[in-house]
Amino acid sequence: MKSKSMFVTIVMLIALTLAACSPAALSSTVGVAPAASASSQASNLQPVSAVGSAPVAKSAAVIGNVSDLEATLEQIYAQVSPSVVAIHVVEKATATSGLPFFNNQGQGQPQIQPQALGSGFVWDKDGHIVTNNHVVAGADKVSVTFSDGTTVPATVVGTDPDSDLAVIKVDYPADQLQPVKLADSMQVKVGQLAVAIGNPFGHENTMTVGFVSAIGRSIPADGGTSNVSYTIPDVIQTDAPINPGNSGGVLTDDQGQVMGVTAQIDSPVRASVGIGFVIPSSIVAKVVPELIKSGHFEHSYVGISGGSLIPDLATAMNLKSTQRGALINKVTSGGPAEKAGLRGSNKQVTINGESVNVGGDVIIAIDNQPVKTFDDIVAYLVRSTSVGQTVTLTILRDGQQQDVKVTLEARPAASQQTQLDQQAPDLPQMPQVPQGGGHTAGQPWLGIQGLSITPDIVNNLGLSSDQAGVLVESVQPNSPADQAGLQGGTKSVTIGGQDVMTGGDVITAIDGQAVGSMNDLLSALQQSKVGQKVTLTIDRNGKSMDLTVTLAARPANP
């Protein structure tokens with residue numbers, strides 16, 4: 001009882017601090033009445049000997065604030081929980097699973113049909129349930145358990161790997177189905193209350209609470225498991241605890257309206273560390289009706305790859321160092337961009353000891369909307385375009401501005417895109433912070449998340465100016481890298497607006513072949529075989545050492 005009283009006291013003091021600092025903000029968030037006037041507050045002040053002689057407000061007012069927050073959360077749960085379901089999946093015997101928070105209960109047992117659990121939510125009175133694509137990918141049987149414990153079979157209606165969304169359907173009485181209400185994710189602000197409801201680790205109908213910690217993130221649609229990965233833009237980041245099993249669940253605002261679908265986490269331990277990613281409701285509202293109608297969704301496609309223009313690249317192209325935009329690295333053979341005459345990079349220069357590609361068109365606007373990063377193009381295509389639409393790209397070519405009209409086509413599958421890219425000149429990627437480091441299932445697998453050492457990383461971490469290689473951010477448990485003793489980062493640092501885990505090993509060579517970037521490492525792994533032993537040369541705390549790693553076959557959807 002004593003510890004409980006102490007906890008309540010701490011909560012009360014925190015609530016008092018919040019009320020004193022920003023009563024209006026607290027009121028707008030959790031429905032608290034405006035703070036009393038200064039004179040009435042003064043009349044409520046009294047000394048409390050337990051905390052010294054400084055006056056504090058009467059506890060009744062503080063308890064009211066906490067009670068209002070509790071009432072808001074209780075109302076959200078009562079409103080939304082009946083709409084959230086647990087999805088049980090029996091996979092085909094050849095499949096394994098386990099994307100960031102898809103709770104795989106049969107991993108490592110390929111001889112039997114693995115069973116897994118995810119989350120979903122009721123979309124309409126017709127029995128359509130929305131979830132993540134990776135929850136039902138490879139499913140042999142699917143069933144849904146409602147909040148009252150009722151379990152019914154479900155069928156897959158449509159899937160879209162590129163947005164990681166899927167729709168399944170149950171035969172269930174319409175009067176017992178409670179569809180969710182969508183919020184406008186484009187209006188979401190950092191600092192808003194965020195409530196996640198799902199089935200973490202199989203614990204059904206669990207609610208966790210936090211805040212929107214960032215907006216406008218981009219994540220790989222496949223979790224970084226393939227060499228060619230389309231990205232999902234406008235992603236919401238939250239610190240509300242979400243874990244394996246939450247995939248396909250909801251993140252709601254303080255009105256109980258769904259801001260998005262919980263989809264991925266960033267964690268070195270496959271559990272919540274306060275960084276979760278949520279597919280925004282704006283994408284959900286666009287994709288789901290098409291999945292119900294036709295079973296698939298066609299994404300607008302330009303047919304380029306590249307990255308954001310950074311100062312070093314701009315200078316190398318005789319542009320102002322302050323110039324921003326999206327530099328085209330490669331134009332896909334036969335794609336819309338090639339048909340419109342867009343040009344990819346055609347020469348290489350050395351920047352900070354790394355060979356990079358330059359010379360391509362730089363996109364600075366699309367339909368008169370400014371483009372500062374490559375993600376701006378992806379986001380605009382998703383938000384504002386459809387297949388067959390013609391867009392105007394404003395580009396810089398050899399320093400001269402011009403407009404190019406591009407008629408958008410349907411995006412090819414990732415496997416088809418790989419084949420198309422192989423037909424175009426293959427130049428090294430530009431020096432920026434890449435996401436992940438995956439291979440497709442069955443290919444040699446190391447089991448790390450890393451990124452290329454860039455000038456920004458060198459400057460921020462105080463590394464040697466000639467340092468090159470791959471910084472290991474995290475190591476997946478029980479992976480080849482983990483078994484070999486490779487070490488991931490221990491401290492999060494913001495570099496170039498992105499959170500980077502630092503303090504881990506830096507891979508500088510594989511089997512004696514220099515590794516200058518993530519592309520070098522991936523290329524070397526692609527030339528290796530499952531079961532092969534490779535020697536990684538690493539820098540650890542300023543010392544060089546070798547580690548022997550036995551490569552394994554990468555599980556599907558790790």
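Between Ser294 and Gln389, what's the calculated FRET efficiency when r is the beta-carbon distance and R0 is 25 Å? Round to 0.05. Mind dumping the intermediate values first?
Working: r = 18 Å, r/R0 = 0.74.
Here the calculated transfer efficiency is 0.85.
Going through segment 153-215, which trypsin sites (Lys or Arg not before Pro) have at most 15 other Cβ atoms within 10 Å and a DSSP loop state?
Details: sites: Lys169, Lys181, Lys189; in loops: Lys181, Lys189.
Filter output for segment 153-215: Lys181, Lys189.
Give the order of Ile168, Ile364, Ile219 when sorted by the count of other beta carbons within 10 angstrom, beginning with the fewest. If you can, show how the numbers build up before the last one.
On the way: Ile168 29, Ile364 19, Ile219 23.
Listing Ile168, Ile364, Ile219 from fewest to most nearby Cβ atoms yields Ile364, Ile219, Ile168.
Take the Cβ-Cβ distance between Ser333 and Arg540 as r, set R0 to 41 Å, and report the resulting FRET efficiency rounded to the nearest 0.05.
Details: r = 42 Å, r/R0 = 1.04.
For Ser333 and Arg540, the calculated efficiency is 0.45.
Normalised by the residues of segment 329-405, what does the relative contact order come to in percent, with Cα pairs under 8 Å and at least six apart?
On the way: 101 pairs, mean separation 19.5, N = 77.
It comes to 25 percent, rounded to a whole number.
How far is it, in nm, from the label point at Asp367 to the one at Gln483 when both lie 7 Å from their Cα along the line to the Cβ?
A separation of 5.1 nm, rounded to one decimal place.
In percent, how large is the relative contact order of segment 444-553, given Cα pairs closer than 8 Å and 6 or more residues apart? Spell out each step's value before the answer.
Numbers: 240 pairs, mean separation 31.4, N = 110.
That works out to 29 percent.
Sorted by packing (mean other beta-carbon atoms within 10 Å per residue), highest first, where do 380-392, 398-410 land? Kindly include the intermediate steps, with their values, before the conclusion.
On the way: 380-392: 15.4, 398-410: 13.5.
Ranked by mean Cβ neighbours within 10 Å, highest first: 380-392, 398-410.
For the pairs Lys141/Lys293; Lys347/Lys372; Lys189/Lys286; Lys372/Lys543; Lys286/Lys372; Lys491/Lys529, flag any whose C-alpha to C-alpha distance is greater than 27 Å. Working shown, then result.
Numbers: Lys141/Lys293 22 Å; Lys347/Lys372 23 Å; Lys189/Lys286 21 Å; Lys372/Lys543 39 Å; Lys286/Lys372 25 Å; Lys491/Lys529 33 Å.
Listed pairs above 27 Å: Lys372/Lys543; Lys491/Lys529.
Can you compute 3J(HN,Hα) from phi for each residue in segment 530-537, using the Karplus curve 6.51 cos²θ - 1.76 cosθ + 1.60 with θ = phi - 60°, rounded to whole Hz and x for Gly and Pro?
So the J values, rounded to whole Hz, are 4, x, 6, 8, 10, 9, 9, 8.
Quick check: Cα centre of segment 306-368 to Cα centre of segment 252-304, how many Å?
Taking the Cα centre of each part, segment 306-368 and segment 252-304 sit 29 Å apart.
In which sequence would Asp367, Asp175 go, from the one with the fewest C-beta neighbours within 10 Å to the one with the most? Provide the component values of the computation, followed by the final result.
Numbers: Asp367 13, Asp175 7.
So the residues, fewest neighbours to most, are Asp175, Asp367.
Please list, in chain and number order, the residues 5+ apart from Leu309 or on another chain whose amide H is under 5 Å from its amide H, with Hs placed from the backbone.
Close amide H contacts, sequence-distant or interchain: Gly325, Ala326, Leu327, Phe374.
Every number here is computed from the coordinates shown, using simple stated rules; none is lab data. From a predicted model like this one, the values you see are computed outputs, not experimental measurements. Because the Cβ atoms are built from the backbone with ideal geometry, glycine has one as well, and the counts that use them run over all protein chains shown.
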